[in-house]
Amino acid sequence: MNSKKLIDEAIKAMENSYSPYSRFKVGAALLCGNGRIYSGCNIENAAFPAGICAERTAFFKAVSEGNTDFKAIAVVGGNSGNIKSFCYPCGICRQVFSEFCGSDFKIILFDGESIKELSLKELLPFGFGSENLC
Ligand code: THU
């Protein structure tokens with residue numbers, strides 16, 4: 001699976017974004033170890049905190065279907081769906097990534113022209129995990 005293919009899936013997922021409040025559309029495509037791809041979009045709500053990011057939509061779809069082995073996620077976003085800059089995952093999404101993924105999990109971003117790839121270690125250094133609960 002190459003990065004561009006995963007980005008294309010994320011762009012497709014962005015079309016379903018339900019974001020009447022922010023108008024900021026986000027799409028994500030999550031690649032599993034078995035090759036399956038789960039897509040997700042952001043889904044907002046009139047009661048703002050009830051909304052969810054595209055990345056977590058994709059993760060929770062996968063986990064709810066029994067998939068917890070993840071290789072990479074592509075994320076794109078922009079005002080009214082215009083991709084003009086990298087859409088970095090929010091802090092809560094980074095925390096969800098770290099619950100299921102190792103430090104080499106890949107985050108693939110696209111700003112409309114170039115691709116940026118980061119590891120989870122780069123995106124969330126010094127994270128809090130289950131090992132801290134002991
Ligand atoms: N959003 C995401 O879907 N993913 C992120 O990582 C950042 C923000 C969404 C949430 C909200 O619907 C909109 O973008 C504006 O914050």
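The values are calculated or read from the model by the stated rules, or taken from the named source; none is laboratory data. These numbers were taken from a predicted model, which means no experiment stands behind them. We place every Cβ from the backbone using ideal geometry, glycine too, and count neighbours over all the protein chains shown. Note: areas computed on protein heavy atoms with side chains; ligands, DNA, RNA excluded. Shrake-Rupley method; radii C 1.70, N 1.55, O 1.52, S 1.80 Å.
Pick from Ala74, Ala47, Ala13: which is most flexible by mean-square fluctuation in a GNM of the chain where alpha carbon atoms under 10 Å apart are linked? Its mean-square fluctuation being the largest, the pick is Ala47. Which residues' amide hydrogens lie under 5 Å from the amide hydrogen of Gly81, considering only partners 5 or more residues apart or on another chain, with H built in the peptide plane? Close amide H contacts, sequence-distant or interchain: Lys25. Between Gly40, Gly66, Gly102, the GNM of the chain built on Cα springs shorter than 10 angstrom shows Gly66 fluctuating the most. Value of Rg to Rh for the stretch 60-134, rounded to two decimals, is 1.01; Kirkwood radius and Rg both from alpha-carbon coordinates.
When both the stretch 53-81 and the stretch 10-45 are represented by their alpha-carbon centers, they are found 7 Å apart.
Relative to the current alpha-carbon distance between Ala47 and Asn132, full extension at 0.36 nm per residue lengthens the span by 27.3 nm.
A Cα-only calculation for the stretch 48-97 places Rg and Dmax at 12.1, 35 Å. Highest average first, the peptides 57-64, 112-119, 79-86 ordered by how many other beta carbon atoms sit within 10 Å of their residues are 57-64, 79-86, 112-119.
Computed in the context of the full set of protein chains, the accessible area of the chain at 1.4 Å probe radius has 53% of its extent on carbon or sulfur. Eigen-decomposition of the gyration tensor built on the alpha-carbon atoms of the chain gives equivalent ellipsoid semi-axes of 22, 17, 14 angstrom, largest listed first. Charge dipole (Cα centre; +1 on Lys/Arg Cβ, -1 on Asp/Glu Cβ; no other charges) of the chain amounts to roughly 220 debye.
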